1. Within segment 36-53, work out how many residues are out of contact with any helix residue (DSSP H, G or I) (no Cβ under 7 Å at 6 or more places or on another chain), open to solvent by less than 70 Å² (accessible area, probe 1.4 Å) and outside any loop (DSSP other than H, G, I, E, B).
2. It is to be established whether one or more residues within segment 7-16 are among the basic types (Lys, Arg), open to solvent by less than 100 Å² (accessible area, probe 1.4 Å) and out of contact with any Pro (no Cβ under 6 Å at 6 or more places or on another chain).
3. Could you check how many residues of segment 54-73 are part of a helix (DSSP H, G or I) and loosely packed, with under 10 Cβ neighbours inside 10 Å?
4. Would you pick out the residues in segment 57-73 that are at pLDDT 90 or above and either among the acidic types (Asp, Glu) or more than 11 Å from the chain's Cα centre (by Cα) (or both)?
5. Mind counting the residues in segment 16-43 that are over 18 Å from ALA68 (Cβ atoms) and free of Cβ contacts under 8 Å to residues at least 12 places away in the same chain?
6. What's the number of the condition GLY29 fails, among (1) of a type in the set (Gly, Ala, Ser); (2) in a loop (DSSP other than H, G, I, E, B); (3) buried (at least 16 other Cβ atoms within 10 Å of the Cβ)?
Amino acid sequence: PSGDAGLLAGERQYLERVIAEVAAERPQGPFTDVAAQHIRSRIEAAYPGLRFPVFLNIGLPAEWERQARVAAP
């Protein structure tokens, strides 16, 4: 079903949290299983009701790569 502005605000908050959690690992080089577990556990603890892990499987490596690319000299 369609949502209201609160749904969009919540989604934005979630995505900003994902970006921050990836940044907390200081991305450099390739995405690792250890980094994935650290990030995933913090996100799942913050949002225990969400049950759509496909985003994390795809989104975390992509966000890691984006941040590592921006940080590279």
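1. Selection size over segment 36-53: 1.
2. Within segment 7-16, none of the residues are among the basic types (Lys, Arg), open to solvent by less than 100 Å² (accessible area, probe 1.4 Å) and out of contact with any Pro (no Cβ under 6 Å at 6 or more places or on another chain).
3. Applying the first criterion (part of a helix (DSSP H, G or I)) to segment 54-73 yields 54-71.
Subset that is loosely packed, with under 10 Cβ neighbours inside 10 Å: 54, 69-70.
Looking only at that region, the number is 3.
4. The answer is GLU63, GLU65, ARG66, GLN67, ALA68, ARG69, VAL70.
5. Selection size over segment 16-43: 2.
6. Result: GLY29 passes all but (3).
The values are calculated or read from the model by the stated rules, or taken from the named source; none is laboratory data. Every value quoted in this text rests on a predicted model; they were computed, and no experiment measured them. Cβ coordinates were reconstructed from backbone atoms using ideal geometry, including for glycine residues, and neighbour counts include every protein chain displayed. Remember, those area values only see protein heavy atoms, side chains included, never the ligands or the DNA or RNA. Shrake-Rupley method; radii C 1.70, N 1.55, O 1.52, S 1.80 Å.
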